[in-house]
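S.K.: Let me begin by handing over the structure; questions about it come next.
The values are calculated or read from the model by the stated rules, or taken from the named source; none is laboratory data. Values in this document were obtained by computation on a predicted structure and should not be read as measured data. Counting neighbours? That spans all protein chains shown, and the Cβs are built from the backbone with ideal geometry, glycine included. Heavy atoms of the whole protein, side chains included, go into the accessibility calculation; ligands, DNA and RNA do not. Shrake-Rupley method; radii C 1.70, N 1.55, O 1.52, S 1.80 Å.
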Amino acid sequence: MLTLAVMACQRAPVEPAFQYSSDASSRTGLTALPDGVLLGNEAGAVVRLDREGRPVWTTRLGREVAVPPALAGESVVVGTVVGEVACLSLEDGKERWRLGGEPPVLTPPVVDDAGHTVYLVAPDGAVRALAVDSGQERWKRPAPKAPAPVESLEPRVSVAPGLRAAPVRVADVLVVPLGSGLWALDARSGEPRWSRPVTDVVGLDSERDTVFVATRPGRVLALSVNDGSTRWEQRFADGVTGPPARALGALWVGAGPSSLVGLSTSEGREVARVALPSPLVGRVQVGLEDLLLVPTSGHEGRLVALKAPGWTPAFTVRADTPLRTRPVVRGPLVFVLGLDGRVLAWRLRVPPPA
């Protein structure tokens, strides 16, 4: 049941639109489409939904899909935890090619802007670039074993299991968080550009020639994409709970134990801090131009809306399932994926002119 809790003395600013169950738990998050969303679940289903919550198609891969399907033009690239990588037609979900015997896909695939190349990171830190149209390997970079030439990195023999933060591609540079540190690779060849001994990364974001990095122990850094030099650094004593996300003029991160913090993207100074009902472990999103939508991870799954520029609470909706991934906004509709595999949608109401 979708429950609405209005946090201001006004007519309800949101109304339930639909809910759809994928029939299995999910941790993939939603991949945004112009007319709906994509998701995967632990039963191995990949589902495309339209704006009304109707399934357009469902493709069953048989084993858990743990990270978001990647949109590549008119194709969808998706991987499973047992090491299968498949390319599906966006139109009807039909399989175009499939690779078996690959490393488990526990890091979200990243696609270049042209939709021609998909980048995959293996649990041991190896990085590969595949052609989207055929699955053919363009290049492969083995997991780094030696220290970086400029800064000393601590080699790591084993990699902790579990999902990893996604790389980001900025122009012709692919920035990849690995167990041994943060590495920047040439996106065309896989050759290393630079590395930094930054580990335990919970997420990356980018803006022009800057990459933002947040680590679980509490460091948030702005690094030059060109050489990895530090532009600014901020530290949080209680750690960071969620990845960074640029929205409405600031860089937002979840800070321990249950706070949302906004930082200046140019200087790193704190510009906002808001207490949350439970930790933010996903990313924030923008809705209706001046609303900051914040998914929280408590068992009630509250989606908190804050109004710019003062970041005062506008409303909260309760999903009754933890929200651990970024919402998707399409016009007045807001889609969220609950941990129980339900896709929930609400319709935001534009307030009447004063």
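S.K.: Specify the inter-centroid distance of the range 234-261 and the range 82-123, based on alpha-carbon positions, in whole Å.
M.R.: Between the Cα centre of the range 234-261 and that of the range 82-123, the gap is 30 Å.
S.K.: Now for a different question. With only Lys, Arg, Asp and Glu charged, each at its Cβ (+1 for the first two, -1 for the last two), find how big the charge dipole of the range 191-256 is about the Cα centre; round to the nearest 20 debye.
M.R.: The dipole of the range 191-256 has a size of about 80 debye.
S.K.: Put +1 on the Cβ of every Lys and Arg and -1 on every Asp and Glu Cβ in the chain; which of 213, 280, 142 then has its Cα farthest towards the positive end of the dipole?
M.R.: Working it through, the farthest residue towards the positive pole turns out to be 280.
S.K.: Given 0.36 nm per residue, what is the gain on full extension from residue 233 to residue 200 after removing their alpha carbon distance, in nm? Provide the component values of the computation, followed by the final result.
M.R.: Details: separation 33, 0.36 × 33 = 11.88 nm, distance 1.58 nm.
Here the answer is 10.3 nm.
S.K.: Hey, any idea what % of the chain's accessible area is carbon plus sulfur with a 1.4 Å probe?
M.R.: On the way: 7490 of 15200 Å².
Roughly 49 percent of what the probe reaches on the chain is carbon or sulfur.
S.K.: Is there a quick way to get the dipole size of the chain? I mean about its Cα centre, with the Cβ of Lys and Arg at +1 and of Asp and Glu at -1; what is the value in debye to the nearest 20? It would help to have the intermediate numbers written out before the result.
M.R.: Working: 39 positive and 37 negative charges, 94 e Å.
That gives a dipole near 460 debye.
S.K.: For the chain, with a Gaussian network of springs between Cα atoms less than 10 Å apart, report the residue from 108, 295, 217 with the top mean-square fluctuation.
M.R.: The residue with the greatest mean-square fluctuation here is 217.
S.K.: I'd like to check one number: the per residue accessible area of the chain, probe 1.4 Å, reported in Å² as a whole number.
M.R.: Details: 15200 Å² over 354 residues.
Accessible area per residue: 43 Å².
S.K.: Report the full-extension gain for the segment residue 74 to residue 269: residue separation times 0.36 nm, less the Cα-Cα distance, to one decimal in nm. Don't skip to the answer; put the middle values down first.
M.R.: Working: separation 195, 0.36 × 195 = 70.20 nm, distance 4.08 nm.
Gain in length upon complete extension: 66.1 nm.
S.K.: Hey, in the GNM for the chain with a 10 angstrom Cα cutoff, which one of 188, 164, 208 fluctuates hardest?
M.R.: 208
S.K.: So for 258, 89, what's the accessible-area order with a 1.4 Å probe, most first? If you can, show how the numbers build up before the last one.
M.R.: Details: 258 30, 89 10 Å².
Result of the area sort, largest leading: 258, 89.
S.K.: Right, another one. From the phi angles alone, apply the Karplus equation (6.51, -1.76, 1.60; θ = phi - 60°) to the range 48-59 and give each ³J(HN,Hα) in whole Hz, x where the residue is Gly or Pro.
M.R.: With the stated coefficients, the range 48-59 comes to 10, 10, 8, 5, 8, x, 8, x, 7, 7, 9, 10 Hz.
S.K.: For residue 165, which sequence-distant residues (separation of 5 or more, or a different chain) have an amide H within less than 5 Å of its own amide H, given hydrogens modelled in the peptide plane?
M.R.: For residue 165, whose amide H was placed from the backbone, there are no distant partners under 5 Å.
S.K.: Which one, 318, 269, 27, has the greatest fluctuation when you compute a Gaussian network model over the chain with C-alpha springs under 10 angstrom?
M.R.: Comparing 318, 269, 27 in the GNM, the peak value goes to 269.
S.K.: Across the range 105-114, in residue order, what do the Karplus-derived ³J(HN,Hα) couplings come to in whole Hz, using 6.51 cos²θ - 1.76 cosθ + 1.60 with θ = phi - 60° and x for Gly and Pro?
M.R.: 3J(HN,Hα) across the range 105-114, in whole Hz: 9, 10, 10, x, x, 10, 10, 5, 4, 7.
S.K.: On to the next question. Round to the nearest 10 and report in Å² the accessible area of residue 94, as given by a 1.4 Å probe over the protein chains' heavy atoms.
M.R.: 140
S.K.: Moving on. If amide hydrogens are placed 1.01 Å from N in the peptide plane, which non-local residues have theirs closer than 5 Å to the one on residue 178?
M.R.: 183
S.K.: Something else now. Taking the Cα centre of the range 196-323 as origin and charging only Cβ (+1 Lys, Arg; -1 Asp, Glu), how large is the dipole, in debye to the nearest 20? Intermediate values should be presented prior to the final figure.
M.R.: Values: 13 positive and 13 negative charges, 28 e Å.
Charge dipole, the range 196-323, about its Cα centre: 140 debye, nearest 20.
S.K.: When you have a sec, figure out the Kirkwood radius of the range 160-289 from all distinct Cα pair distances and drop it here in Å to one decimal? Spell out each step's value before the answer.
M.R.: Numbers: mean 1/r = 0.0675 Å⁻¹.
The answer is 14.8 Å.
S.K.: Bins of 5 Å, beginning at zero and ending with the bin holding the largest distance: percent of Cα pairs per bin for the range 292-354, please.
M.R.: Over the range 292-354, the share of Cα pairs per 5 Å bin runs 4, 18, 28, 25, 15, 6, 3, 1, 0 percent.
S.K.: While we're here: Above 26 angstrom, tally the Cα pairs of the range 219-354 and express them as a % of all pairs, no decimals.
M.R.: Working: 2146 of 9180 pairs.
Of all Cα-Cα pairs in the range 219-354, 23 percent lie more than 26 Å apart.
S.K.: Still on this model: Using modelled backbone amide H atoms (1.01 Å from N, in-plane), which distant-in-sequence or interchain residues come within less than 5 Å of residue 239's amide H?
M.R.: For residue 239, whose amide H was placed from the backbone, the distant partners under 5 Å are 256.
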